[in-house]
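Right, one structure below, let's go through it.
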Amino acid sequence: MVSVCSLCCIDCRDSAPEVISYEGRYSLANYLPVGVIVFDFLDDELHCNHTHCEDGWHTFSGQVYLRHAKKGEDVLLRWIDFLTANRFIIPTCRQAEGRRILYVRVYIIPFDLPGVQGTLRARNPDTVKEAGKAIRAIMGRIIQDDSLWQGYVPDGAARPIFSREIDNRTTTRIYSDLPSPNVVKLREEVKTSPACDRITAILSGEPIDGLRSSLYPYQAESVAAMLAKESQAFAVLDPLYLPLVGVDGRTFYFRPADMEILCECPTISQSCGGILCEELGTGKTVMVLALILATLDHLSCPEESILDTRSIMTPLSFREFPFDEPVETRRRLRRNSDEPFHDKGHNIPPLSEILIHHIRVSPENTGISTDEESLEQLPLWYLLQANTPFYYHFDLEILPRRTSRKSASFGPRRMYLTTASLIVVPVNLVGQWDMEIQKHCDTGIRVFIGRPGALIPRASRLASDYDIVLLSHNSLSFAKTDILKLHSWKICGCQCFPGTRVPDCHCDEQTNVSPLLQIRWKRLIVDEGHVSSTTNTNLSQFTMLLSAERRWLVTGTPTTNLLGLSFGGSSDFDRRVSGGSDATADQVVEATTEKSLSQSRKWTSNDREDLRKLGTMISRFLGTRHFANSSTFNKFVITPLFGPDGPLPGAIQVLIQVMETVMIRHRIEDVEKNVILPSLHQETVLLDLDPYSLKSYNALQATIAVNAIDSERVHQDYLFHSSNVDALLQAIENMTQILFWHTDSTLFNVMELSRNASATMERAISRGISPEDVRLLTEAIYHVRAAAEDATWCSMQDHPDVQYRVRNAPGNIQQAWSRLSAEDTPEPSSNATAAEPFLQPDRLVRLRDMVLASPLASESSLIEWGNLVTEEDRHKHMLILLREKSRKGNRRNKKDDYEVDSSALKAMDVARKEKAPEKIKEVLLELKAAQSRLVRAREGLEDVESNEGVAKDLQPDVMSSVRASFLARSPVSGLRIGRTTSSKLNYILREVAQHASTEKFLVFSKMPLSLAYVAEGLDVIGVRFLQFTSNVDAQVRQQLVMTFQSSDKFRVFLMDLKHGARGLNLTAASRIIFCEPVWRPDVESQAIKRAHRIGQTRPITVTTLAIRSTSEEVMVARREALKGALCKVPDLIQESGMRHFIAHPKFLKESDHSSQADLDIALFPEVKQAEGTDEGLQSTSILRIPAATGESVDAFDAGGDKLVEPPVKKRKTLRFAEPASPFVQDSPSSPRTVSRM
């Protein structure tokens, strides 16, 4: 029953009013009844217009009701009139009985209304643009309710057409919430696909031919989804449209960007590929290998063309077969070729030639890939391999240009077809991919690996002889790209193989263009595919030139904020701060996060940049036709998210739908249904600075304080001025390094600040600074003077070394071996730290080596050797400085005044040891031994998981009782190593000493110098380690990764955070230490995932080191607080809390170090071990893993690519050097005197 219309006059109630009926396709029945708009007018004096529509309600004109409208309602009334006049909507109205309320029904006219000959799509573009704004405005007022639609007051809460819930999710959360592949839907969609049987078999858990490993169910689902995308078996709904359900239950579709509304949702073809972006560490590599093996015998198809047939031929069929395709192609080339060519009559080819041709152009289901080893013995095999299929790629235009005759002179390109997949990976992951292929694939798979310096085969061989072509990013970045050289009308005239008609073709031998561009690849896979998010790199430009039928990006982090940060809900994740916290940090967090958490989410320029990168990957790399024009993605996906009041209604859902069409990933909770990663324990350890480090830190804080007060915090010389970004970043970097350990040859400018202290204070007071600044300046001057008056601290600044406190060392020997000479360390003043005996790590190692070589050396001999070592170091340092100055002086843009950074030289020197031939040789020998064990395990001769031999390798170098008794007589036999001047290094060395016998470590830092200090410390305690830093060559880094994974000798891997946090598989490690807090959660997560991933069997312990009451503690607290924020974590210097803390320096007070565990390491633990009375955890836990024995030889032969076998070991007798000849071993003409047990 319909309510009585209060708007009708008496005449209309007594007699039926005129009814306006829309004809044909414009009937209300063909429109979408979306809902009702309720107007509350100023009065109830509304007048009847004596006309009704088909639905029994009055026609509506907003102009009539303008004088009754409340403030602001007039705009909406005018929008309705505009939309009605241009046939976007049809409104009807009715007055609520006895009230001043007017109900307005809204019917949407779809753009694709059938039967109107496209007139609705031919409207003026400006009109359509304004209509989109108007529709969006009225949609915000439309209410859907059955009672209201009938003219009654709603019984309950009416629902708006668009949800009014604010979606404040970040891009990271949106990405993490993407649904896992729907297996039921996938099975239904691929029923008509040629790959249906294969997809069904994979989903059912059947093994994939050639794959050694079994896939977890979620991995099988991802592989099946990838196969479905590649088969293009079904069209998908256009992701730019969302469903719009009317009051009557019918569904139309609207596009949020411009509010285009359609009866039926358009469909689009899928891109043949996508983005595999599974969670970090969940096995993306094995998924890719499974996909390749599942389609191993599929031949790539020619690039589609609506103007050209592009028939598949082989050299044999093109030259000899009389069939239509080769005959027409020969004629086509002959018409434009300058060379004489006579198309003689051809007979039907013999069956053998037809078979050779057919197997190459239709290899699927022939069994060639599985029976290749036996077929290689047949006489026809070499002919089969030489008969590489190809097609001619003619560049045609629908409308020829005036220069078409000139363009035609270039001719077509001969493009070879292949069953191979091209995989492009970062240079440091080439070796890891090689190992993964060996681990997961049968030995029959043919792999070409583009090692540095290796030549890529010519195109026809590359296309025929391999199943996988594995190249590094660098290989593509520097490849030749002159594609015009491939265009030619030349007809192959190569000789045939003797006794056959198969051409021995070498026409593809090009020196001016990469052979990769001559192949139509079946599949292009780019690992760490986020590199394709920009188009201005050589790699991105080259990948867009490549012709590939199927394209995949493999990455756990498609963009900066599209990343998986989950460590798993079942991983027993624990994060805590140990060592106590500072109230200051909590206050900074509370003051700066309360406001941000209460604000609604507004998308920022950082979000726009992320989306732009995603659009680049979709439109440029994947070549998705729907977004072939990048402006389409920007207009319909990005722009709607940046409305003035936040994302437009439906904009976030459109983004989700677009991501779903190209991305394949599982939610972490779905992954954990199949596999649960080991537990992860994560904690932040707060430490106190050593007194000498504390002086350096306070000196830097004093510099910041004086700068702030002197510049009045506004002038251009203020450190935080917008023009001083680089200086501020450098200051923060220096502060980070100081918190580990850092020296400065300029003494952090304390001498000058101390001299000018009085003048600085007077100048500040004369300007009328605040009492707070007076106190700050007074404190700064105090700490500046304290540092300047400490002679030991000043002496330390001349050397970049971390200083090691030593005990039980005779004073004369300690002074002779220490770089801090007695003259440099006079009696301390009242403000100085008490003088302590120090030695440097390299001196400790050298002293130990010399004493081990000559344990009977007297005290005077050791003193003399120390003086000689000091003199030698001085000359070496001078040579290095001269070399560096000469190198810098030869640069074009040199500065008049510069200094060589001794700290940087130290980092380079430590890295240089990692690249030394002896170290490379040792690494390669270990790698070769590990690979031999893997081969034996495959052959069933050895258990790959066996721990036999591990204990043997890790046993301390137990000395004979005779040797130990000699060492016991040495003046330094009781020397023990105590705390260093770096509290972080102390912690790391204690942890390694305690756990390295049973667990491996990853130590991450963004500071190369910090890693150099750790490397020196590990040398001191005798633990073998490897380094993965920017100072180590990429090829060496690759070998280091494989060696660390496979060898039990190396217990610690020092990782540059920038280079080592992505892509590597380092499951051999179970303990991770960050030398400093990591500000960006994605970087930290990537680093942790090197070890916390599939294949890990041990619980993971992650420790982040931070200094109490400094910016590091605040950084930890701020980052944890921002995890719940509604926006991206900003840059460190832009984050308000961090910037405020750094801009307001606070000085540290010296703490009581008695509460901190001390280092107590015997330099010669062999003595105590031999006596059986060793004391202390550190002394008994230190691993003394000997270096590789044998003479020092180069790691490579003259060719540079083969490993030199180690020499046969000879039995050695125990020999000791003469005490007066400590450097005899360095002479090439003298016999070796260092004993090796």
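What a 1.4 Å probe finds exposed on segment 697-736 is 50% carbon and sulfur by accessible area, rounded to a whole percent. Ignoring ligands, DNA and RNA, what percent of the 1.4 Å accessible area of segment 148-256 is carbon and sulfur? Carbon and sulfur atoms account for 50 percent of the accessible area of segment 148-256. Translational diffusion of segment 1003-1159, estimated by Stokes-Einstein from the Kirkwood radius over alpha carbon pairs at 4 °C in a medium of 1.567 mPa s, is 74 µm² per second. Calculate the FRET efficiency for T870 and R763 from the Cβ-Cβ distance with a Förster distance of 30 Å, rounded to the nearest 0.05. It comes to 0.10. What the pair-distance distribution of segment 636-700 shows, using all Cα-Cα distances binned every 5 Å from zero, is 3, 12, 10, 8, 8, 8, 8, 10, 8, 11, 11, 3 percent.
Extension gain, L881 to N347, is 184.3 nm, computed as 0.36 nm per intervening residue step minus the present C-alpha separation. Using the Cβ-Cβ distance between H715 and Q1134 with R0 set to 22 Å, the FRET efficiency from 1/(1 + (r/R0)^6) comes to roughly 0.55.
In a simple Cβ point-charge model (Lys, Arg +1; Asp, Glu -1; nothing else charged), segment 10-160 has a dipole of about 700 debye relative to its Cα centre.
Each label point was placed 7 Å from the Cα along the Cα-to-Cβ direction; for E733 and A137 their separation is 5.3 nm.
Extending 7 Å from Cα along the Cβ direction at K191 and again at F162 yields two label points whose distance is 3.8 nm. With 0.36 nm allotted per residue and the present C-alpha distance subtracted, the M544-A929 stretch has 134.5 nm of extension available. If the limit is 23 Å between Cα atoms, which of K133/K602; K71/K133; K71/K602; K229/K602 go over it? Checking Cα-Cα distances, K71/K602; K229/K602 exceed 23 Å. Measuring only protein heavy atoms, the 1.4 Å probe finds T172 accessible over about 30 Å². Solvent-accessible area per residue in segment 10-160 equals 49 Å², computed with a 1.4 angstrom probe and all protein chains kept. Shown here for segment 1044-1138: trypsin sites (Lys or Arg not before Pro) in loop regions (DSSP other than H, G, I, E, B) with at most 13 other Cβ atoms within 10 Å, namely K1123. Projected label points at D112 and A968, each 7 Å from Cα along the beta carbon direction, are separated by 9.4 nanometres. Restricting the calculation to Cα atoms, segment 10-160 yields a radius of gyration followed by a Dmax of 15.6, 46 Å.
Calculated accessible area for segment 960-1030 comes out at 22 Å² per residue, all protein chains present (probe 1.4 Å; ligands, DNA, RNA ignored). For E752 and S722, the FRET efficiency from 1/(1 + (r/R0)^6), where r spans their Cβ atoms and R0 equals 25 Å, is about 0.40.
Counted residue by residue at 0.36 nm each, then reduced by the alpha carbon distance between them, the extension gain from V184 to E918 reaches 258.5 nm. Here's the picture: a label point sits 7 Å out from the Cα of F497 along the beta-carbon direction, and within segment 454-472 the residues with their amide nitrogen under 20 Å of it are 457-467. On segment 613-686, 47 percent of the accessible area sits on carbon and sulfur atoms, based on a 1.4 Å probe.
Just so you know, the averaged projected area of the alpha carbon convex hull for segment 1056-1136 sits at 6.3 nm².
The values are calculated or read from the model by the stated rules, or taken from the named source; none is laboratory data. For clarity, every value in this text was computed on a predicted model and none was experimentally measured. Here Cβ is always computed from backbone atoms with ideal geometry, including for glycine, and neighbour counts include all displayed protein chains. Note: areas computed on protein heavy atoms with side chains; ligands, DNA, RNA excluded. Shrake-Rupley method; radii C 1.70, N 1.55, O 1.52, S 1.80 Å.
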